[in-house]
Amino acid sequence: MENIFFTISVIFLIIISVVLFWRERSFRKRARNYEANMRRKMYELAVLKDLSKKIGSSFDVERIIDVVTGSLHQFIEHTSVSYMLLEKEGFSFKIYLEKSVDKNFIHEVRERMKTSLETLLVKEINDQEIEERVSGAIVIDEKPNKIGSFFNIPLVIDEKVVGLLTIADTKEGQYKEEDITILYKIVAQASQSVTKLEQLVKTEQLKLGAIVESLIDGVIMTDREYKVLMVNPAAKKYLGLEKTLDIDFFKLVNSFEDHFDIRSKLEESIAFDKIITEREVLINEKFFQIVVAPVKGESHIVEDQILGCVVVFHDITKEKESEKFKEDFNSLIVHELRGPLGTIKKIGEVMHGERIREDKTTYDEYIKIVFDSSSQMLELVDGLLDISRIESGRFALSSRVSEIKNIIEGRVIFFSTLAKDKEIELISKVSEDVPSEIKFDPLRIEQALSNLLSNSVKYTNPKGLIEVQAFLHKKGEKIVEEAERNGVVWFITERENEVFFNVPDCVVVGVTDSGEGISKENLEKMFIKFNKEEILMQNKSGKKSTGLGLAVVKGIIRAHGGIVGVDSREGEGSTFYFTINI
Amino acid sequence: MTKRLLIVDDDKIFIKIFRDTLIKDYNGKYEVAVANNGIEALAKMEEFHPDLIVLDLKMPEMDGLEFLRERKRRDQGMHIPVLISSNFFDAEKVSEGLDLGVNGYVVKSDYSIKSIVDHMDSLLGIKTEDTKEPDI
């Protein structure tokens, strides 16, 4: 019985020991595996880290592969490492020999790669398309070699196969799955970083492209050989090349004509690495500031090397025009002031003499000329001051409840003396429904009315008629019909005039004369743009008056929120009108 | 000897004072005709045959320089001396005027009538006479 117990105990112990032993063994084995795994992982990580450092932000696929293959010998035994890449034109095949082999070996690798790449790209590859480069150990033909083992890794960038990486060795059974996996991982990592970079560059390029495309400034880019790389829409427009396809350097040079020697400027900029600025180049009736600047590369491959040139056009026509305008306006005003001043001076000279004092008629005439000339100058200076105030927005109104009828009647009395001298009949016609209390700046409105009346008296022939009119306008009604109902004779025709659209309740004030009328051409000019520019235009067209008076009228009425305008029938007369909102 | 003067100017007041003075104070030394712009001046040159032209620059229809260009183009009356009289000095216009056969330049708002007449006399080769008018 004891024996049996002993035997069982022994067996039991043996079993336990065996189990323990096995467990221990499997533990050890697992630990060993674990350790190996860890080591490989660490190694992989180290390699990847090293690689990613070397690859950095490089965008050159070939360079990245060189880095990868260059570090292969650290962890994988091989005779050759090679890659075949899809280029812009054809393929490149590069093989690096770790050990010497014969030509056949290289040829065989190349053939195998070609076949694999054909399958991957679903495309036949012509031998002539492949550019071969061999580097590393020397080729020895006396020593025939065969491929013992090899494996391919496709190079994928941005989900597209761009080539193949192949490791080959003369020994058979050289590569285990683990080795292949590491390489796969390395290549995948490299591809990924390139893909990311490429996408980044693409977005940046798109962004940059969109900016350049939408720039108001013209931009042209060329490479070192003056090949035109880019012409943005603005540049095309400025050079009149909108409809020209495939703009080459020749077409570009031609489009500048003789105004700008783009060729020599580019040459100079590239040769001396210099930014050239040209002020005031006249192209197609526009003035440009043109900047020609060299473009430099910043990557490691082309450090500080000039890659090409960029030409930027900035349209300065507006600046030039406003400069010219200021000059013209100043000289106009100087001219307008010098006229009457010169006259006064001359009269002073003449009146100094004895003869004039005896000639009473001429004496009186000259006194009147002095009076008129100085009034003219005073008017001009006042007008200028008002215009400047209106233009700079410093035109303050002091509105208060006033009666328009009183103002109209007051002005009619004021101008009746002048009108009587020319035998002009001056009357007012204010409709009964015109409210007696409206809020406006009475002094300014009086000034506006004075300016209109003074013009009318000036341009109406003797024995003519001038009528100052006022009637009420209700929103939605037609102003011309309202004028008719109020028995007002005027020359306003309601064309499809946007000015008459949606006019709120207001009092319409008109000054109608039986003058010569104004030609259509001049009418259009008259109230379009009453500012200095318009005055200049009028003056250039030979009209003597500076027209400051009308500009001031427009400024006053605009400040009140009203509308102002003129219409005329040639040979019959004209109506100037403005509105005061209620 | 009476000289024939053509005044080309659109400033009626200047013309009045200038003509009045020439007629009354210079005792018929000048016979005066007036044109209000370049077009009228071209016509007056034909009928009046002036010995001298006093020309304003800024005029409607045809200004002074346009008149000079047209005169040169037609090759009409090129022998007649021209004195520009304008309200302000514009170097560009003067230099173009000189190319177009202009002989002298006065800024009429700065010059007294007497000094304008002195200029005219020297262009016509007349010795300046003392007149009743004092120089001021």
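Brief remarks follow.
- Number of the exception - residue B:35 against (1) away from chain A (no Cβ under 11 Å); (2) touching a residue at least 12 places away in the same chain (Cβ under 8 Å); (3) open to solvent by 30 Å² or more (accessible area, probe 1.4 Å): (3)
- Residue check for residue A:478: over 30 Å from residue A:383 (Cβ atoms), under 52 Å from the mean Cα position of the chain (by Cα) and of a type in the set (Lys, Arg): yes
- Matching residues in region A:80-105 - criterion: being open to solvent by less than 10 Å² (accessible area, probe 1.4 Å) and part of a helix (DSSP H, G or I): A:105
- Note on region A:115-159: residues that are among the basic types (Lys, Arg) and closer than 30 Å to residue A:197 by Cα amount to 2.
- Answer residue from region A:396-416, given it is closer than 27 Å to residue A:428 by Cβ and within 50 Å of the chain's Cα centre (by Cα) and is most open to solvent (accessible area, probe 1.4 Å) among those: A:400
- Among the residues making up region A:75-134, a single one is at pLDDT below 85 and small (Gly, Ala, Ser): A:90.
- Criterion applied to A:422, A:405, A:458, A:429 was being more than 14 Å from chain B (Cβ to nearest Cβ) and closer than 30 Å to residue B:113 by Cα, and the one residue passing it is A:458.
- When region A:344-363 is filtered for residues that are touching a helix residue (DSSP H, G or I) at 6+ places or on another chain (Cβ under 8 Å) and at the interface with chain B (Cβ under 7 Å from one of its Cβ atoms), the ones remaining, listed by number, are A:346, A:347, A:349, A:350, A:353, A:355, A:362.
- Taking the criterion of being part of a strand (DSSP E or B) and more than 11 Å from the chain's Cα centre (by Cα), the residues of region B:16-66 that qualify are B:30, B:31.
Quick grid of which residues meet (1) under 15 Å from the mean Cα position of the chain (by Cα); (2) within 14 Å of another protein chain (Cβ to nearest Cβ):
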| residue | (1), (2) |
| --- | --- |
| B:68 | yes, no |
| B:75 | no, no |
| B:78 | yes, no |
| B:81 | yes, no |
| B:85 | yes, yes |
| B:93 | no, yes |
| B:97 | yes, no |
| B:113 | yes, yes |
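- The residues of region A:131-151 that are open to solvent by less than 40 Å² (accessible area, probe 1.4 Å) and in contact with a helix residue (DSSP H, G or I) (Cβ under 7 Å, 6 or more places away or on another chain), listed by number, are A:145, A:147, A:151.
- Some residue of region A:285-302 being within 10 Å of chain B (Cβ to nearest Cβ) and touching a residue at least 40 places away in the same chain (Cβ under 8 Å): no
- In region A:183-212, the residues that are open to solvent by 80 Å² or more (accessible area, probe 1.4 Å), among the charged types (D, E, K, R) and under 25 Å from residue A:81 (Cβ atoms): A:185, A:196
The values are calculated or read from the model by the stated rules, or taken from the named source; none is laboratory data. From a predicted model like this one, the values you see are computed outputs, not experimental measurements. Backbone-built Cβ (ideal geometry, glycine too); neighbour counts: all protein chains shown. Just the protein is used for accessible areas: all its heavy atoms, side chains included, with ligands, DNA and RNA removed. Shrake-Rupley method; radii C 1.70, N 1.55, O 1.52, S 1.80 Å.
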